[in-house]
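The values are calculated or read from the model by the stated rules, or taken from the named source; none is laboratory data. Just so it is clear, the structure is predicted and the values come from calculations on it, not from any experiment. Counting neighbours? That spans all protein chains shown, and the Cβs are built from the backbone with ideal geometry, glycine included.
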Amino acid sequence: MENPIGPLRASVDRLHTLAGGLNDTQLVSPSYCDDWSIAQVLSHLGSGAVISRRALQDVMAGTPTPDDFNQSVWDEWNAKSPRAQADDALAADEALTQALEAVDEAERARLTFSLGPMSLGFNDMFGLRLNEHVFHTWDIAVMFEWAPALMEGVGDKAEALVDLLEGHGFRFRLLEEDLAPIERAKLLDLAYGNVVATR
């Protein structure tokens, strides 16, 4: 997979432009993601950014991440107010992106991340972040505006991600025929919706 950091930076900037001005009422309004408010979508991205940044730091240092780290982050973020979820998510998102941008090409080439049954290089690991980021930015943007610009530079990387995961024994099946505009399921919505990965 090609380096995903440029498209990730573009998605981060789009999200910050979109979400940075939302008021408290908008934050507790529904997102496109079933059962999640807009603040909860941002919390999901924010907690994921914290977890991803810790994974990057630990892999670079050659130290294991504690088994309970992810759960402790989720518990912390679930306890935040909607406003704190939103504000802290944008800060964590930016911190992760800056950390990824600071990793040079030689360092990227040597890093390997464990994710379940998979062993992923830097580009594949943070290609997952790119796809998740675009999906959930969509979950917010589509509630306020038409959002085809979120697709720019992402479609080919989504297809590469499908190929990567299928190479590790995952298979994909559609759960819904009624897809959102621009066939959102083709973007590999692993998070909750139209496409499910099974092994």
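Does D87 meet the test of being free of Cβ contacts under 8 Å to residues at least 12 places away in the same chain, within 18 Å of the chain's Cα centre (by Cα) and closer than 21 Å to G21 by Cα? Give the derivation first.
Numbers: free of Cβ contacts under 8 Å to residues at least 12 places away in the same chain: yes; within 18 Å of the chain's Cα centre (by Cα): yes; closer than 21 Å to G21 by Cα: yes.
The answer is yes for D87.
Scan the range 58-82 for residues that are in contact (Cβ under 8 Å) with a residue 40 or more places away in the chain and farther than 18 Å from A19 by Cα and the total you get is 2.
Residue count for the range 1-17 under the criterion of being assigned to a loop (DSSP other than H, G, I, E, B) and surrounded by fewer than 18 Cβ atoms within 10 Å (Cβ to Cβ): the result is 2. Considering only residues that are modelled with pLDDT of 95 or more, among the polar types (S, T, N, Q) and closer than 20 Å to R129 by Cβ, which ones fall in the range 1-44? Result: Q40, S43. For V134, are the conditions met, namely being in contact with a helix residue (DSSP H, G or I) (Cβ under 7 Å, 6 or more places away or on another chain), at pLDDT below 95 and either charged (D, E, K, R) or closer than 16 Å to S31 by Cβ (or both)? So V134 fits the description; yes. Total residues in the range 1-38 satisfying the condition of being under 30 Å from L120 (Cα atoms) and aliphatic (A, V, I, L, M): the figure is 6. Residues that are loosely packed, with under 14 Cβ neighbours inside 10 Å number at least 3 in the following helices (runs of 4 or more DSSP H) confined to the range 18-87: 38-61, 69-78.
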